[in-house]
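What follows is one structure encoded as structure tokens, with my remarks underneath.
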Amino acid sequence: MSETHLHLRIDGGVARVTFDRPEARNAMTWGMYQRLHAICERLRADSTVRVVRFQGAGGQAFVAGTDIAQFQSFKDGEAGVAYERGIDAGIALVESLPMPTVAVVEGWAIGGGLAIATACDFRIATPGTRFGVPIARTLGNCLSAANVARLVAALGRPRVERLLLLAELLDAEEARDCGFVLEVVPPQELDAAAQRLCERLAALAPVTQRVSKHMLNRLLRQDVPDAEDLIRECYGSADFHEGVQAFVEKRPPVWRGR
């Protein structure tokens, strides 16, 4: 089913990767993450691809995070560590693609969706787009150090504190004003705007683009600390299990701080 929900199409040097699970706002399953990994590996080896464009199907979301029902199988903090390692590996593949990448964002880019969009080089959004990681309100889990580092590099610590500690959502206009989003356009103009950007990128020197991306990524990664102890603490907490159960039962979670 992962191939059904995640498509790759290559046309004229532009690869389109589409998250296609609109009934769940394109929330990522384990199979979709595995499919994303395979797609990125294929694209890395294809020298004919000049630009990669990531987008969501259905008009309501880019990716609305990871499918939360899957977390019901987590027994302890080690499961959370393994999960975050896997997410890190997939997001790192998006980030390390040698060609420029564009996230075409309409609607929600939440949790894992925000991580994927942040790993891209450029983002285009619509006025109704919202970015966020509202886990302090929903699941009570945490992000990996690598994903926090990407967010801080892209948005600055004060905004990331609002996302993580206050569970706020960032609207498209603020995201554009701080440089995170390149352009905000009406939904009916989104495809054309994305195409124009892809054409601009495809017309430039690919070696310059490739080595510049590698330099930027090395600068980011050199300061990322080991934080698996914090991930283990969070995913091993009673609050995390309460958050998952409350989400599945469609009720507000009761946080106890343990």
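The values are calculated or read from the model by the stated rules, or taken from the named source; none is laboratory data. Just so it is clear, the model here is predicted, and its values are computed rather than measured. Here the Cβ is made from the backbone with ideal geometry for all residues, glycine too, and neighbour counts use every protein chain on show.
Looking only at the stretch 78-91, decide whether some residue is aromatic (Phe, Trp, Tyr), modelled with pLDDT under 95, surrounded by fewer than 24 Cβ atoms within 10 Å (Cβ to Cβ) and not in a helix (DSSP H, G or I). I'd like the intermediate steps shown before the answer.
Step one: filter the stretch 78-91 for residues aromatic (Phe, Trp, Tyr), giving 83.
Checking the rest, the ones that are also modelled with pLDDT under 95 come to 83.
Then keep just the ones that are surrounded by fewer than 24 Cβ atoms within 10 Å (Cβ to Cβ); that gives 83.
Those still in the list that are not in a helix (DSSP H, G or I) too: none.
No, the stretch 78-91 contains no residue that is aromatic (Phe, Trp, Tyr), modelled with pLDDT under 95, surrounded by fewer than 24 Cβ atoms within 10 Å (Cβ to Cβ) and not in a helix (DSSP H, G or I).
Taking the condition of a type in the set (D, E, K, R), surrounded by 15 or more Cβ atoms within 10 Å (Cβ to Cβ) and either under 29 Å from Ala38 (Cα atoms) or touching a strand residue (DSSP E or B) at 6+ places or on another chain (Cβ under 6 Å) (or both), does Asp121 pass? Taking the combined requirement at face value, the residue satisfies it.
Would you mention how many residues in the stretch 222-238 are over 10 Å from Val81 (Cα atoms) and surrounded by fewer than 17 Cβ atoms within 10 Å (Cβ to Cβ)?
Filtering the stretch 222-238 down to residues over 10 Å from Val81 (Cα atoms) leaves 222-226, 237-238.
Now narrow it down to the ones that are surrounded by fewer than 17 Cβ atoms within 10 Å (Cβ to Cβ): 222-226, 238.
Count: 6.
When the stretch 189-221 is limited to residues that are among the small types (Gly, Ala, Ser) and loosely packed, with under 12 Cβ neighbours inside 10 Å, the one that is nearest to the chain's Cα centre (by Cα) turns out to be Ala192. What residue, among those in the stretch 158-188 that are under 25 Å from Gly140 (Cβ atoms) and over 18 Å from the mean Cα position of the chain (by Cα), is surrounded by the most Cβ atoms within 10 Å (Cβ to Cβ)? Ranking the qualifying residues of the stretch 158-188, first place goes to Leu166. For the stretch 146-171, a tally of residues being out of contact with any Phe, Trp or Tyr (no Cβ under 8 Å at 6 or more places or on another chain) and either over 23 Å from Gln60 (Cα atoms) or touching a residue at least 60 places away in the same chain (Cβ under 8 Å) (or both) returns 16.
Scanning the stretch 223-258 for residues that are within 17 Å of Arg137 (Cα to Cα), in a loop (DSSP other than H, G, I, E, B) and hydrophobic (A, V, I, L, M, F, W, C) gives Val254, Trp255. Residue selection: Phe71 fails the criterion of being within 24 Å of Gly128 (Cβ to Cβ), buried (at least 19 other Cβ atoms within 10 Å of the Cβ) and in contact (Cβ under 8 Å) with a residue 12 or more places away in the chain.
When Ala205 is tested against (1) under 22 Å from Leu93 (Cβ atoms); (2) modelled with pLDDT of 95 or more, exactly one condition is not met: (1). Of all the strands (runs of 3 or more DSSP E) wholly in the stretch 1-67, which have at least 2 residues that are free of Cβ contacts under 8 Å to residues at least 12 places away in the same chain, at negative phi and not hydrophobic (A, V, I, L, M, F, W, C)? Correct list: 6-11.
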